[in-house]
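One structure below.
No value in this document is a laboratory result; all are computed from the given coordinates. Because the structure is predicted, anything quoted here is derived from the model rather than measured. Here Cβ is always computed from backbone atoms with ideal geometry, including for glycine, and neighbour counts include all displayed protein chains.
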Amino acid sequence: MHFTRAIVRPPAANFALGLSGANNGPPDIDRALDQHGRYCEALRDCGLQVTHVEADLDYPDGTFVEDAAIVTGRGAILTRPGAPSRTGEIASVGESLSQFYSDVQHIVAPGTVDGGDICQVDDHFLIGVSARTNQPGAEQLAEHLRRMNYTASILDIRASASLLHLKTGIAYLGDGVWLAAAGIQEEFLRAGGAGIRERIAVSAAESYAANCVRINDTVLLAAGYPQLTAALEERGYRLVTLQMSEFRKMDGGLSCLSLRF
Ligand code: CIR
């Protein structure tokens with residue numbers, strides 16, 4: 001899929017009040033804003049037009065905009081985030097999406113879905129059932145996707161305690177190439193239906209960097225993970241590395257900071 005646009009939302013002044021299980025101290029908002037600005041520049045350098053949703057003090061986790069919607073080449077679905085403090089994030093994201101999609105679907109109660117649990121593999125979607133995405137939400141989403149002529153598989157990732165979301169541990173780079181953190185079951189990748197031409201192992205020490213994104217001919221990767229950087233360079237990917245320290249403190253990865261379509 002060729003991407004032309006992204007939606008982002010800068011961190012709010014009270015970003016440090018968001019949810020976090022990481023024990024790395026509170027994020028520095030000025031540094032987070034700087035890192036976010038560079039992230040947006042990288043998206044533009046990939047050829048994307050970047051639309052900003054305004055930061056909102058009611059939603060300190062709102063910068064993790066990927067969790068609020070599933071955007072595809074054939075339609076968009078607003079989620080119903082699994083953390084109660086995040087449910088309201090979809091209103092402003094929905095407004096922004098309505099500029100680009102004529103018909104936006106919704107996940108409804110009792111379903112919950114976080115976009116971080118959804119991994120697109122060509123015309124197939126992996127949907128992780130996690131602490132945030134529940135079975136009814138996963139089923140609703142699969143049904144919306146089927147109506148858009150995509151296929152979907154639902155995976156239960158709840159036994160993998162290290163995964164906040166499915167994409168915390170895996171990324172699909174296209175052409176049957178996967179990045180997978182240590183301990184990710186092969187069956188998760190097989191369920192993608194694209195085959196596994198190559199599985200690039202991400203060591204336990206570098207597992208944070210498994211959450212990366214391919215945008216057109218570029219892979220955006222967290223900076224500071226030399227083994228994975230070298231593995232991707234060896235394979236000829238055009239790489240852009242980005243400082244993510246402040247988002248990591250709030251359990252957020254690189255993919256979470258944008259909706260790409
Ligand atoms: C949360 O716990 O909801 C946020 N602090 C982090 C969300 C990260 N989102 C993602 O991995 N897709």
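Placing +1 at every Lys and Arg Cβ and -1 at every Asp and Glu Cβ, with all other atoms neutral, what dipole size does the chain have around its Cα centre, in debye to the nearest 20?
On the way: 22 positive and 31 negative charges, 66 e Å.
Dipole about the Cα centre, nearest 20: 320 debye.
Of Leu220, Ala201, Cys119, whose Cα points farthest to the positive end of the dipole of the stretch 112-234 (charges on the beta-carbon: +1 Lys, Arg; -1 Asp, Glu; origin at the Cα centre)?
The one lying farthest along the dipole's positive direction is Cys119.
In units of 2.2 N^0.38 Å, what is the alpha-carbon radius of gyration of the stretch 44-177? Can you show the working numbers first?
Values: Rg = 14.4 Å, N = 134, 2.2 N^0.38 = 14.1 Å.
Here the Cα radius of gyration is 1.02 times the empirical estimate.
Over the chain, what is the percentage of antiparallel beta bridges among all DSSP beta bridges, to the nearest 5?
On the way: 17 of 40 bridges.
Just about 45 percent of them are antiparallel.
Contact order normalised by length for the chain, with contacts defined as Cα pairs under 8 Å and 6 or more residues apart; what percent is it?
Working: 546 pairs, mean separation 59.2, N = 261.
In percent, rounded to a whole number, it is 23.
What translational D, rounded to a whole number of µm²/s, comes out for the stretch 96-137 from Stokes-Einstein when the hydrodynamic radius is the Kirkwood one over Cα pairs, at 4 °C and 1.567 mPa s? Write out the running numbers ahead of the final one.
On the way: Rh = 11.7 Å.
In µm²/s, the coefficient is 111.
With unit charges on the beta carbon (Lys/Arg positive, Asp/Glu negative), name the residue among Val240, Ser255, Leu179 whose Cα is farthest towards the positive pole of the charge dipole of the stretch 5-260.
After comparing all options, I get Leu179.
Relative contact order for the stretch 50-204: what is it in percent, counting Cα pairs under 8 Å that are at least 6 residues apart?
17 percent
Rg/Rh for the stretch 135-261: what does it come to with C-alpha atoms and Rh from Kirkwood? Could you put the intermediate results ahead of the total?
Working: Rg = 14.8 Å, Rh = 15.5 Å.
Result: Rg/Rh = 0.96.
About its Cα centre, how strong a charge dipole does the stretch 118-261 have in debye, to the nearest 20, once Lys and Arg get +1 and Asp and Glu get -1 at the Cβ?
Numbers: 14 positive and 15 negative charges, 45 e Å.
That gives the stretch 118-261 a dipole magnitude of about 220 debye.
With a cut-off of at most 13 other beta carbons within 10 Å, and DSSP calling the residue loop, which chymotrypsin sites (Phe, Trp or Tyr not before Pro) in the stretch 1-60 qualify? Please list them. Mind showing how you got there, number by number?
Values: sites: Phe3, Phe15, Tyr39; in loops: Phe3.
In loop regions of the stretch 1-60 (DSSP not H, G, I, E or B), there are no sparsely surrounded chymotrypsin sites (Phe, Trp or Tyr not before Pro).
Largest first and to the nearest Å, give the Cα extent of the chain along each principal axis.
Cα extents, longest axis first: 42, 42, 36 Å.
Using 0.36 nm per residue, how much length does the chain from Arg158 to Leu57 gain when fully extended, once their Cα-Cα distance is taken away? Numbers along the way, then the final one.
Values: separation 101, 0.36 × 101 = 36.36 nm, distance 3.06 nm.
Going from the current span to full extension adds 33.3 nm.
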